[in-house]
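Working notes, structure below.
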Amino acid sequence: MLGTLENLAGLAETFVAKLPPAGTRAYIVGLSGDLGAGKTTFVQAVARALGVTRDVTSPTFVIAQRYTTTHPVYSSLVHIDAYRLSLEEIHTIGLSDFTRDPHTLVCIEWPEKLGDALPNGTPTLNFAVVSDTERSITEGHIEHSA
């Protein structure tokens, strides 16, 4: 899908509307793309669509932020920025704690930094800069090489 930075809110609302019902664990989505491609802006729009009332800021330095939502299925949103993480530090962010609750949506920027800590098949949204105001967002999933 092609979108502008201004209509990321509409894309986020569509994303939230298509979230699956709660399963046995949190729903995880990876957000890949270059710096400035719109990943954090998209998470901010997702947070609004979920009913988060707090300001959502980039967790670049704190690594992970948890927000309470008013959504009927996903009662919390966890926003993780793995850009500064090494594989040895993955356990320090509490990923396994965040992913236990089936009523949690976990959005992970830079999921490729987590190696095989995320299961094969984890859905991803790949952000690419088309122009100063346009972004291309394609859907994919994590595949680990054998």
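The values are calculated or read from the model by the stated rules, or taken from the named source; none is laboratory data. In this text the structure is predicted, and so the values were computed from the model without any measurement. We place every Cβ from the backbone using ideal geometry, glycine too, and count neighbours over all the protein chains shown.
The table for this structure:
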quantity	calculated
Complete set of residues in region 65-86 that are out of contact with any Pro (no Cβ under 8 Å at 6 or more places or on another chain) and part of a strand (DSSP E or B)	R66, Y67, T68, S76, L77, V78
Selected residue [assigned to a loop (DSSP other than H, G, I, E, B) and at pLDDT 95 or above] from V43, V52, V56	V52
Per-region count, region 33-88, residues acidic (D, E) and touching an Asp or Glu at 6+ places or on another chain (Cβ under 6 Å)	1
Leading residue by the ranking (farthest from the chain's Cα centre (by Cα)) among those in region 118-142 that are surrounded by 18 or more Cβ atoms within 10 Å (Cβ to Cβ) and outside any loop (DSSP other than H, G, I, E, B)	R135
Test set (1) at pLDDT below 95; (2) buried (at least 21 other Cβ atoms within 10 Å of the Cβ); (3) of a type outside the set (S, T, Y) - V62 fails condition number	(2)
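One line per residue, one yes/no per condition, for (1) without any contact (Cβ under 8 Å) to a residue 40 or more places away in the chain; (2) small (G, A, S); (3) under 21 Å from L125 (Cα atoms):
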site: Y27; (1), (2), (3): no, no, yes
site: T53; (1), (2), (3): yes, no, no
site: V56; (1), (2), (3): yes, no, yes
site: P72; (1), (2), (3): yes, no, no
